[in-house]
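This report refers to the structure that appears directly beneath it.
The values are calculated or read from the model by the stated rules, or taken from the named source; none is laboratory data. What you see is a predicted model; the values in this text were computed from it and never measured. A quick note on method: Cβ atoms are made from the backbone with ideal geometry, for glycine too, and the neighbour counts reach across all protein chains shown. What goes into the accessible areas is simple: the full protein's heavy atoms, side chains included, and nothing from ligands, DNA or RNA. Shrake-Rupley method; radii C 1.70, N 1.55, O 1.52, S 1.80 Å.
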Amino acid sequence: MIVQDVADLLEELAPLANAEGFDNVGLLVGSPEAKVTGILVTLDTLENVVDEAIAKNYNLIISFHPIIFKGLTKITGKTYVERVVAKAIQHGINIYSMHTALDNVTEGVNGKICEVLGILEPQILIPKTETLLKLTSYIPKNAIEQVKGALFAAGGGSIGNYSHCSFTLEGIGSFRPESGAQPAIGKLEETHFEEEVQLHMTFPKRLRSTMLKALFGSHPYEEVAYELTSLVNEHQHLGMGMIGNLATPKEEEAFLQHLKKSMHLSCIRHSDLLKKPIKKVAVLGGSGAFAIAAAKAQGADIFVTADIKYHQFFEAENKMIIADIGHYESEQYTKNLLVDYLTKKIPNFAVALSESITNPIKYF
């Protein structure tokens, strides 16, 4: 198995195209062709994590946070980032980062938090927009099923929990093959009229090249007429944060105790308690202050996140509780998620959860 094989498996879980534009994800250090001797999963790639990989003779580190976030202009060992990168290169360690690609999928960071807290049927809190394209093409009536089948197989036509979604209109197409053409239907220099079907199908932007390859490969015409339209629709299964309900409401103090125990917390920073039961819970692992308004708008009783600043707690406005549980703490189960996923995908391969502690924040 090479690094690219593992990257392909991780792309199935969290396509890199779903990461935020500011992010730096994918293979950050190493070669996609390197043969993998073992996989070490961590939240952060620090020097002690690289040392652990060296000791285990594992040459691929899967890290949630990217060790290289901003561009490196030099590698002299003056910063922890430079030292990590230099040591990894020196020892042939490959480093792959997931970050917001894993934040934005339902089975990622926030889905895991919901699982741990017992939040039922969670939905995306802030759905992503402009992630979908609509394909329109014109196909001879007798070839429509083969073209649709190829596009469905390429990943087109999936909307939420529904697959094989498309829309068709019948009409008459016309064309005139000129000199040099090799028409599948019609004759040179004669205008031809054909019963055609106008096909509409949506698909994720990341599948653009795959979908066009499927269209061209299955369409009988020499020249394929098609249109791609960018959609501003929200993607209900892709985006930041999640929100759902507890099986039974809990009193505020009881929920905070449940939160503290489930997430192994030494403390919770929170806004005023509102003296009402908690039923609807919103979560967003990592820095989630930007989602306070969304959580309020969707009627959350409590918003569990991290990195809330002093004045941002006022934004609860006595409509919900804001609970800051710590950045590392909110994302800690991400490591377990990735280990479980890779172990199921490659059960006979060495995949280990890093034993290194990477939380930079200590509590007295």
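In summary, strands (runs of 3 or more DSSP E) completely within segment 224-320 and bearing 2 or more residues that are under 23 Å from residue 101 (Cα atoms) and open to solvent by 50 Å² or more (accessible area, probe 1.4 Å) occur at 234-250. Of all residues in segment 105-140, exactly one satisfies the criterion of being basic (Lys, Arg) and modelled with pLDDT under 95, namely 128. The residue list 262, 230, 209 contains one member that is closer than 30 Å to residue 334 by Cα, within 29 Å of the chain's Cα centre (by Cα) and small (Gly, Ala, Ser), which is 262. Identify the residue in segment 128-153 that is polar (S, T, N, Q) and under 16 Å from residue 232 (Cβ atoms) and, among all such residues, is nearest to the chain's Cα centre (by Cα). Restricting to residues being polar (S, T, N, Q) and under 16 Å from residue 232 (Cβ atoms), the top hit is 131.
Taking the listed residues 341, 310, 328, the one that is among the aromatic types (Phe, Trp, Tyr) and within 23 Å of residue 261 (Cβ to Cβ) is 328, with no other qualifying. Taking the listed residues 23, 51, 5, the one that is of a type in the set (Asp, Glu), within 29 Å of residue 204 (Cβ to Cβ) and open to solvent by 30 Å² or more (accessible area, probe 1.4 Å) is 5, with no other qualifying. Just to be sure, is residue 209 under 30 Å from residue 129 (Cβ atoms), open to solvent by 70 Å² or more (accessible area, probe 1.4 Å) and not in a strand (DSSP E or B)? Here the answer is yes, as residue 209 does meet what is asked.
Residue 182 passes every criterion in (1) polar (S, T, N, Q); (2) touching a residue at least 40 places away in the same chain (Cβ under 8 Å); (3) under 29 Å from residue 161 (Cβ atoms) apart from (3).
You will find that of 18, 57, the residue that is more than 30 Å from residue 261 (Cα to Cα), within 16 Å of the chain's Cα centre (by Cα), in contact (Cβ under 8 Å) with a residue 12 or more places away in the chain and open to solvent by 10 Å² or more (accessible area, probe 1.4 Å) is 18 and no other. The residue list 93, 159, 124 contains one member that is among the β-branched types (Val, Ile, Thr), farther than 15 Å from residue 237 by Cα and touching a residue at least 12 places away in the same chain (Cβ under 8 Å), which is 93. Only strands (runs of 3 or more DSSP E) whose full extent lies in segment 61-158 are considered here, and the ones with at least 2 residues that are open to solvent by 50 Å² or more (accessible area, probe 1.4 Å) are 119-129, 132-140.
For segment 1-24, a tally of residues being under 20 Å from residue 340 (Cα atoms) and either aromatic (Phe, Trp, Tyr) or assigned to a loop (DSSP other than H, G, I, E, B) (or both) returns 3.
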